[in-house]
Amino acid sequence: MSIITPHTPAHWAAYYRLRYEVLRQPWQQPPGSERAPDDDAPTTTHALLLAPADTTQAIGVGRLHSSGPGQGQLRFMAVAPAWQGHGVGQQLLAHLEASARQQQLHEIVLHARAEAVPFYERAGYAVVAPSHMLFGRIPHFLMRRELVGDNTEAP
Ligand SMILES: CC(C)(COP(=O)(O)OP(=O)(O)OC[C@H]1O[C@@H](n2cnc3c(N)ncnc32)[C@H](O)[C@@H]1OP(=O)(O)O)[C@@H](O)C(=O)NCCC(=O)NCCS
């Protein structure tokens, strides 16, 4: 299974559908709330993993955007429930980190849902500080990973 940059209408439909189903629908958010104004920016990198048996379905998505000098931010990481815990998230992370290195970025930050903090810690990110509360009930934590001089996979 290989990660691609969505580039057809079918890819984008699958990409946004999974974002919505994993990150918005469970909290009764309206369709469209899964999209961000800078999704179309040239400095935003999208990663999509399609289901091997049905390429109209996404099993994992994520994105990276430039968030300051030398800094990238990860957002909208989501893995389909049936595929969680099988390495898909880790694969997406490695792909987006490789993209960040190609863009000469030296650090990545993200706001992790509390439940996802151990996933990012496992991948070498550290909590910097508590951040916002999403939808009034999902605590988030600002996390960061330095990329300079580190071309290895997380331990
Ligand atoms: C968080 C998420 C992206 C992780 O993706 P995933 O495919 O399930 O994770 P992986 O299978 O690649 O896990 C990689 C490692 O992290 C660990 N891990 C993953 N999620 C974890 C969790 N919630 N708690 C503790 N460890 C976790 C795995 O056990 C694995 O460790 P190992 O290499 O020692 O076996 C995915 O579970 C998800 O979409 N969750 C719901 C939405 C969400 O929270 N998105 C993130 C928003 S910030």
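No lab work stands behind these numbers, since they all come straight from the coordinates. It should be emphasised that the depicted structure is a prediction, and the values quoted were computed from it without experimental measurement. Here the Cβ positions follow ideal geometry from the backbone for every residue, glycine too, while neighbour counts run over all protein chains shown.
Among A100, A53, V127, whose Cα lies farthest out toward the positive end of the dipole of region 9-146, if unit charges sit on the beta carbon of Lys, Arg (+1) and Asp, Glu (-1)? It is V127.
Based on Cα contacts under 8 Å between residues 6+ apart, region 1-60 shows a relative contact order of 45 percent.
The 3J(HN,Hα) values that the Karplus relation (6.51, -1.76, 1.60; θ = phi - 60°) gives for region 23-37 are, in residue order, 9, 10, 4, x, 10, 6, 8, x, x, x, 6, 7, 9, 10, x Hz. Gly and Pro appear as x. Only DSSP H runs of four or more residues enter the estimate; each adds -39500 (n - 2.57), and after division by the residues of the chain the mean residue ellipticity at 222 nm equals -7000 deg cm²/dmol.
Normalised by the number of residues in the chain, the average gap of Cα pairs under 8 Å and 6 or more apart makes the relative contact order 18 percent. Along region 70-80 the Karplus relation, 6.51 cos²θ - 1.76 cosθ + 1.60 evaluated at θ = phi - 60°, assigns HN-Hα couplings of x, 10, x, 10, 8, 9, 6, 7, 8, 10, 4 Hz to successive residues, with x for each Gly and Pro. Assuming charge only on the beta carbon of Lys and Arg (+1) and of Asp and Glu (-1), the dipole of the chain about its Cα centre is about 280 debye to the nearest 20.
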